[in-house]
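Please treat every number below as a calculation from the coordinates, not as lab data. Quick caveat: nothing in here was measured; it's all calculated off a predicted structure. Positions of Cβ are generated from backbone atoms using ideal geometry, with glycine treated the same way; all protein chains shown enter the neighbour counts.
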Amino acid sequence: MLASVNANIQIQADLDRTQFMQYEPIDLIVTFQNRIGSSFEIQQGQELIIQVKDQFGSQLSSAKKINLPRHEIAPGGSKAYHINLAQMFRFSSLGRYHVKVMLKYGGSKHEVVISNQKIFHVAKGQELWSVRVGDSRDGTLRNVKLLSFDDSYNRRLYMQFEDALKNQAFKNIRLGEAILFKSPKVLMDKQNQAHIVYQSAVGIYRYLIFSSNGEELHQSFYKSTSSEVPEIMVADNYEVFVRGGVPYDPELEAKILKSYHYLSERPDPKWYLEEFNFKQVD
């Protein structure tokens, strides 16, 4: 079977988009498709080779190799693997890149199946807010940033955490789509935790807390009212809290709305406040 793998197994390389912010994860999806009439087995330890080139055609470091686990693909079936390119390659330069993968199936360097080539771009995000926290004496000095980036589909927000001593980003967290008619607000508390509130949908605000090392500590949602929108404030004791709006659970709302079979069965738009005994401040 291995002698005929080149003709019978197809490798497809895909990316969920073509624009990526520098230092964020780049999810490469590699799909093996079995086009023969019998099962095909990916051998334990079989080598998948990943090659990335920059816009000038130069190879980005040496090609990386992954030893695949054993997996049997049924006739006409497929198997997909997700690979984070940003963990394997350092995209220190901005611009266009090319990626393709190869599967080795024999001892000769010519015994490989080659995928299609995908093109993507790496660019900088726009800095909306930043602060430096921590102590250089114990290695905890951090640059904490809020960035926005247009990924060719939507404008999205990111939290970025840098080692200030090395001037190197070690974590990028993609927050998701944002409505930027009202600017997001970020505050640091006395534990050097970053609190952020931003509008994630019409009338919906997302509240997040991150440690200075980029760990997500809290997430909740709020709905605006006719007179107030949720915002973060600092109390006299330097604790950060949310003022305005009403608590909102999108998963619970979706579950309850799903129980109604017809639009006419759905209650008044203020049903959510009454259902959970939330007091509307207006």
Please give the net charge around A235, taking every other residue with its beta carbon less than 11 angstrom from that of A235, where Lys and Arg add +1 and Asp and Glu add -1. -1
Mind telling me which of H121, H195, H71 comes out most flexible in a GNM of the chain, alpha-carbon contacts under 10 Å? H71
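Taking 19 Å as the cut-off for C-alpha to C-alpha distance, list the pairs among K145/K223; K223/K255; K64/K166 that go past it.
Numbers: K145/K223 25 Å; K223/K255 17 Å; K64/K166 25 Å.
Those over the limit are K145/K223; K64/K166.
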Compute a Gaussian network model of the chain, connecting alpha carbons closer than 10 Å, and tell me which residue from N192, N167, N237 fluctuates the most. N237
Could you tell me the distance between the Cα centroids of segment 177-227 and segment 71-98, to the nearest Å? 32 Å
Proportion of all alpha-carbon pairs of segment 126-275 beyond 28 Å (%): 30 percent
Just to be sure I understand: with springs between alpha-carbon atoms less than 10 Å apart, which residue in F149, F56, F89 has the highest mean-square fluctuation in the Gaussian network model of the chain? F56
Aspartates and glutamates within cross-link reach of K118: Cα-Cα under 14 Å, excluding same-chain residues under 8 positions apart? D14, D16, D27, D54
List the equivalent ellipsoid semi-axes of segment 2-123 in whole Å, largest first, each obtained as the square root of 5λ for an eigenvalue λ of the Cα gyration tensor. 27, 15, 12
Find the Rg to Rh ratio for segment 206-256, where Rh is the Kirkwood radius over alpha-carbon pairs and Rg uses the same atoms. 1.05
